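**Student:** I have a structure I would like to understand better, so I am pasting it below and will then ask my questions one at a time.
The values are calculated or read from the model by the stated rules, or taken from the named source; none is laboratory data. Bear in mind the structure is a predicted one, so any value in this text is a computation, not a measurement. So basically every Cβ, Gly included, is an ideal-geometry build from the backbone, and we count neighbours across all protein chains shown. Keep in mind that these areas ignore ligands, DNA and RNA; they rest on the heavy atoms of the full protein, side chains included. Shrake-Rupley method; radii C 1.70, N 1.55, O 1.52, S 1.80 Å.
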Amino acid sequence: MEMTPDRWTYTCRYLEETFGRSDRHLLGLRDRALAAGLPDIAVTADVGRLLHLLASTTAGRLGIEVGTLGGFSGIWIARGLPRGRLITIERDDKHADFALAQFEGAGVAGQIELRRGAALPVLEALGHELSPGTVDFAFLDADKVEYPAYWALLRPLIAKGGLLVADNVLGSGSWWVDQVDHPARKATDTLNRTLAEDPEFDAVAVPLREGLLIARRRD
Ligand code: SAH
Ligand code: DHB
Ligand code: MG
């Protein structure tokens with residue numbers, strides 16, 4: 001069966017409708033974010049459920065998210081770390097302010113610390129603050145061109161059995177993986193290959209929505 005654009009659109013909608021069951025906080029969040037003028041680029045609820053599921057398979061002590069936007073993915077991740085905490089990084093104050101209100105509404109504010117600023121210096125500071133091997137779950141979703149640099153700073157922090165998940169490793173709004181010269185494609189390809197070849201990690205990408213890289217540090 002040929003994979004036509006229409007068939008792919010149907011497939012994505014089917015997956016979201018089938019696996020994206022959400023509570024009222026998450027259901028209303030997208031509409032509130034659009035009304036507040038935030039870009040419509042949060043993960044879909046099926047991806048949210050995958051983040052939740054994956055986070056909940058780890059030791060669940062500490063998560064780091066790079067790219068908060070309106071807090072949609074952060075709420076899913078925090079709920080997957082019920083006894084842990086999540087540090088989420090956002091450089092845009094408008095997004096950060098909106099997200100903090102959503103964390104309150106969803107009842108996860110006590111678990112989440114939002115760090116404002118550009119991801120690279122914030123990650124560098126976290127590298128000094130946190131002990132190596134103490135992060136159980138990391139999610140990359142900010143500037144795709146910076147993914148390899150995020151990973152260089154995060155790698156020492158990932159615990160044995162801990163997971164790295166990265167969104168948009170096959171494409172996003174303005175490019176797809178077949179556009180081999182796009183800077184975001186080059187950077188996500190570098191991340192994909194780096195993880196695929198890292199002897200300390202098992203890694204694979206799943207073509208859900210715009211592609212998610214999933215990697216686990218071996219015990
Ligand atoms: N993870 C969110 C969506 C994130 S969209 C969700 O699924 O709900 C990407 C976010 O990353 C935007 O809010 C953008 O402002 C932020 N961002 C982009 N580049 C950044 C950088 N270099 N440092 C920090 N945040 C950045
Ligand atoms: C864009 C960013 C994302 O993280 C995403 O999942 C989709 C689109 C964007 O910047 O267009
Ligand atoms: Mg994304």
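**Student:** Does A159 count as farther than 20 Å from L191 by Cβ and aliphatic (A, V, I, L, M)?
**Tutor:** No, not satisfied.
**Student:** Could I ask something else about it? Kindly list, by first and then second residue, each pair from a residue in segment 162-188 that is within 17 Å of A142 (Cβ to Cβ) and without any contact (Cβ under 8 Å) to a residue 60 or more places away in the chain to a residue that is outside any loop (DSSP other than H, G, I, E, B) and among the basic types (K, R), limited to pairs with Cβ atoms under 7 Å and residues at least 6 apart or on different chains.
**Tutor:** N168/K144; W175/R185; A184/K144; A187/K144; T188/K144
**Student:** Looking at L100, L69, L53 in this structure, which one is at pLDDT 95 or above, surrounded by 19 or more Cβ atoms within 10 Å (Cβ to Cβ) and either of a type in the set (A, V, I, L, M) or under 30 Å from R218 (Cα atoms) (or both)?
**Tutor:** L69
**Student:** More than 11 Å from I112 (Cβ to Cβ), part of a helix (DSSP H, G or I), open to solvent by less than 10 Å² (accessible area, probe 1.4 Å) and out of contact with any Phe, Trp or Tyr (no Cβ under 7 Å at 6 or more places or on another chain): is that true of A78 in this structure?
**Tutor:** No.
**Student:** In addition: Of G127, G133, G162, which residue is away from ligand 3 (no atom under 16 Å from the Cβ) and at positive phi?
**Tutor:** The match here is G133.
**Student:** Give the residues of segment 159-184 that are in contact with a Gly (Cβ under 8 Å, 6 or more places away or on another chain), part of a strand (DSSP E or B) and aliphatic (A, V, I, L, M), sorted by residue number.
**Tutor:** Hit for segment 159-184 is A159, nothing else.
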